[in-house]
Amino acid sequence: RVKESGKNDCLLYSDSWSNSSFERLTLQHEMYRAIQRNEFILHYQPQYDLVTGSMVGVEALVRWKHPVKGMIPPGSFIPLAEESGMIVQIGDWVLEEACRQNKAWQDAGLPHIPVSVNLSIRQFVQNDLASKVASVLHKTGLEPKYLDLEITESMTMDVSHVSRCLLDLTEMGVGISVDDFGTGYSSFHYLKNFPIDRLKIDRSFVRDIQQDPSDAEIVAAIIAMAHNLNIQVIAEGVETEEQMEFLRKHNCDEMQGYFWSPPVTSENIEQMLAAS
Ligand code: C2E
Ligand code: MG
Ligand code: MG
Ligand code: MG
């Protein structure tokens, strides 16, 4: 079996050799070919204004259409892609595809809304992110205000470098959101040091709003604090009407979740935009 796996010599020396690490290496190997073979696709999840109920944005979420294993969710390959560095190439593809698709919707006469793209911290480390984004916008013809970049909290980052990149992006007119707010290492540090337009309350807080009074307090406090800092708030993972009512009562700006729509194909978004 080791031989079959090809060049992965490290397998031989690993103490934790196991079926699952074998599978990880196989997946990593296959990932290199997946871009050329066009195996990645984007689904999009609508985001809604909590006051008007209208669709005000979409988040692009990558999936891997594996020729044998079928549709692989991002949670099963993004961490591997981050480990191997492949996330940079995958992230480049996601960024360009999301911008291209959004421009195509606009060119088809549909309402203009921003598309949100998830960034991995490695995309800041390895290259000049702001000029890459600028060239993708130029190439696709999408205006910067219709792109939003989602960043997550990470312990291993160079704060002044990331801050510089984000300032360049903000000056271009691209939106910046903090994803999974409340789950990372330094949420408040982000708000203090980075030019943030929006924060996304992590779905773990939203989930228990009804059952857990402290989660309800935390969500209400996050919304109030963000608004005092002139930052918009979107809640993730909204699944019930009660959760939505709570968020509305506490002046949350937007929501995203299965209650209104799971991530869907670009064709579905097109129909939803046409009907809105
Ligand atoms: P995320 O950015 O926090 O995205 C939200 C995730 O929550 C999505 O899972 C979405 O399908 C799911 N979700 C949305 N509404 C609900 C709900 O009401 N209930 C529940 N239980 N789940 C909901 P998905 O698509 O599997 O993505 C998982 C994570 O993978 C994303 O979390 C993001 O961190 C990462 N990811 C996805 N696409 C990309 C990408 O292009 N680049 C990078 N770097 N990461 C990505
Ligand atoms: Mg996200
Ligand atoms: Mg999130
Ligand atoms: Mg999340």
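The table for this structure:
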{"quantity": "Ile87 vs. criteria out of contact with any Phe, Trp or Tyr (no Cβ under 6 Å at 6 or more places or on another chain), among the aliphatic types (A, V, I, L, M) and modelled with pLDDT of 95 or more", "calculated": "no"}
{"quantity": "Residue that is surrounded by the fewest Cβ atoms within 10 Å (Cβ to Cβ) [pool: residues in region 254-276 that are within 16 Å of ligand 2 (Cβ to nearest atom) and under 15 Å from Ile201 (Cβ atoms)]", "calculated": "Glu254"}
{"quantity": "So Arg203, is it open to solvent by 70 Å² or more (accessible area, probe 1.4 Å), within 16 Å of ligand 2 (Cβ to nearest atom) and over 23 Å from Gln89 (Cα atoms)", "calculated": "yes"}
{"quantity": "Cβ pairs under 6 Å, 6+ apart, first in region 146-175 and over 11 Å from Leu129 (Cα atoms) and touching a residue at least 12 places away in the same chain (Cβ under 8 Å), second within 14 Å of ligand 2 (Cβ to nearest atom) and polar (S, T, N, Q)", "calculated": "Asp148/Ser116; Asp148/Ser177; Glu150/Ser116; Glu150/Asn118; Glu150/Ser177"}
{"quantity": "Elements of type strands (runs of 3 or more DSSP E) in region 13-86, at least 1 residues being of a type in the set (D, E, K, R) and within 16 Å of ligand 3 (Cβ to nearest atom)", "calculated": "55-66"}
{"quantity": "Checking Glu241 against (1) among the charged types (D, E, K, R); (2) surrounded by 12 or more Cβ atoms within 10 Å (Cβ to Cβ); (3) modelled with pLDDT of 95 or more, the condition it does not meet", "calculated": "(2)"}
{"quantity": "Those helices (runs of 4 or more DSSP H) lying entirely in region 99-181 with at least 2 residues within 16 Å of ligand 1 (Cβ to nearest atom), open to solvent by less than 30 Å² (accessible area, probe 1.4 Å) and closer than 24 Å to Gly75 by Cα", "calculated": "122-125"}
{"quantity": "Filtered residue count, region 45-75, keeping only those that are small (Gly, Ala, Ser), farther than 22 Å from Phe246 by Cα and open to solvent by less than 20 Å² (accessible area, probe 1.4 Å)", "calculated": "1"}
{"quantity": "Among the candidates Ala235, Ala224, residue that is surrounded by 15 or more Cβ atoms within 10 Å (Cβ to Cβ) and either touching an Asp or Glu at 6+ places or on another chain (Cβ under 7 Å) or modelled with pLDDT of 95 or more (or both)", "calculated": "Ala235"}
{"quantity": "Output for region 76-87, where each listed residue is near ligand 1 (Cβ under 10 Å from one of its atoms) and either over 13 Å from Leu25 (Cα atoms) or open to solvent by 40 Å² or more (accessible area, probe 1.4 Å) (or both)", "calculated": "Ser76, Ile78, Pro79, Glu82, Ile87"}
{"quantity": "Long-range neighbours under 7 Å by Cβ, at least six apart or interchain, first residue under 15 Å from Val233 (Cα atoms) and aliphatic (A, V, I, L, M) within region 42-54, second open to solvent by 20 Å² or more (accessible area, probe 1.4 Å) and at pLDDT 95 or above", "calculated": "Leu50/Arg248; Leu50/Asp253; Leu50/Glu254"}
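Yes or no, residue by residue, for (1) basic (Lys, Arg); (2) within 16 Å of ligand 4 (Cβ to nearest atom):
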| residue | (1), (2) |
| --- | --- |
| Lys200 | yes, yes |
| Phe205 | no, yes |
| Gln210 | no, no |
| Ala235 | no, yes |
| Arg248 | yes, no |
| Trp260 | no, no |
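The values are calculated or read from the model by the stated rules, or taken from the named source; none is laboratory data. These numbers come from a predicted model, not from an experiment. For neighbour counting, all protein chains shown are included, and Cβ atoms are generated from backbone atoms with ideal geometry for every residue, glycine included. Heads up: the accessible areas ignore ligands, DNA and RNA and are worked out on the full protein's heavy atoms, side chains in. Shrake-Rupley method; radii C 1.70, N 1.55, O 1.52, S 1.80 Å.
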